[in-house]
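The next block holds one structure in the form of structure tokens; read it before the comments.
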Amino acid sequence: MKKLRNVTLDEHDRKLLARLQRDATATAEGLGSTIGLSASSVQRRIKRLRATGVIEREVALLNADALGKRMTFIVGVKVDYGKKAEVNALIKKLLADGRTQQMYYVTGEVDYILTVIVHDMQDYDDYSKTLLLASAAVLRFQSNVVIEGLRVGLEIAI
């Protein structure tokens, strides 16, 4: 993540960011007409927002079902911080595995919350055995199968 530098957002920036979160492929002309700016002004603002780190990256959101990824798990993981090297190795492996979609270091009963997207139960069984059960750092973990994603997104309210 880029470190933010000298960031001051005005109302046009906020409107622009809100629209870009919904559709990063929108043209500068289209964005400008909806927020009341010229296309060149929109382009300058987007360039500045990227350079300052407000816009970290732009990605395509894919349909997991279309790719055969039919199951999502929310997993809580409790680790043994007395085994620091093993914890660090586990974190590195979890971050490197493409099935780990999101990973958060949290407070509460567990230390990490993972969002894991897999093809099927056998794929998750492999994930849990090769990453979680195989690690001496893991004290326990709890897997929750997502039945329905009622709200799934990455948009930040502006």
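Bear in mind these aren't lab numbers, they're just calculated from the coordinates by the rules spelled out. Just so it is clear, the model here is predicted, and its values are computed rather than measured. Because the Cβ atoms are built from the backbone with ideal geometry, glycine has one as well, and the counts that use them run over all protein chains shown.
Could you order the peptides 75-86, 5-16 from most to least packed, using the average number of other C-beta atoms within 10 Å per residue?
Numbers: 75-86: 15.5, 5-16: 12.7.
Averaged packing, sorted descending, gives the order 75-86, 5-16.
Kirkwood Rh and Cα-based Rg: tell me the resulting Rg over Rh for the chain, rounded to two decimals.
Details: Rg = 19.9 Å, Rh = 18.5 Å.
Rg divided by Rh gives 1.08.
In whole Hz, with x marking every Gly and Pro, tabulate ³J(HN,Hα) for the stretch 110-120 from phi via Karplus 6.51 cos²θ - 1.76 cosθ + 1.60, θ = phi - 60°.
10, 9, 9, 10, 10, 10, 10, 10, 9, 5, 7
What spacing in nm lies between the two simple spin-label points modelled at Ile113 and Asn63, each 7 Å away from Cα in the Cβ direction?
Distance between label points: 2.8 nm.
Where does each of Arg22, Arg50 land when they are ranked from fewest to most other beta-carbon atoms within 10 angstrom?
Working: Arg22 9, Arg50 14.
Lowest count first: Arg22, Arg50.
Which whole-angstrom value gives the distance between the alpha carbon centres of the stretch 72-91 and the stretch 8-52?
Cα centres, the stretch 72-91 to the stretch 8-52: 40 Å.
Pairs to check: Lys15/Lys78; Lys69/Lys129; Lys47/Lys78; Lys69/Lys93; Lys69/Lys92. Give those whose C-alpha atoms are more than 30 Å from each other in this structure. Walk me through the intermediate numbers first.
Numbers: Lys15/Lys78 40 Å; Lys69/Lys129 19 Å; Lys47/Lys78 41 Å; Lys69/Lys93 20 Å; Lys69/Lys92 23 Å.
Check vs 30 Å cut-off fails for Lys15/Lys78; Lys47/Lys78.
Classify the stretch 11-51: rounded, prolate or oblate, from the alpha-carbon gyration tensor (a ≥ b ≥ c, eigenvalue square roots; a/c under 1.5 rounded; otherwise prolate if a/b is larger than b/c)?
rounded
How large is the translational diffusion coefficient of the stretch 17-107 in µm² per second when you combine the Kirkwood radius over alpha carbon pairs with Stokes-Einstein at 25 °C and 0.890 mPa s?
Details: Rh = 17.0 Å.
Rounded, D is 144 µm²/s.
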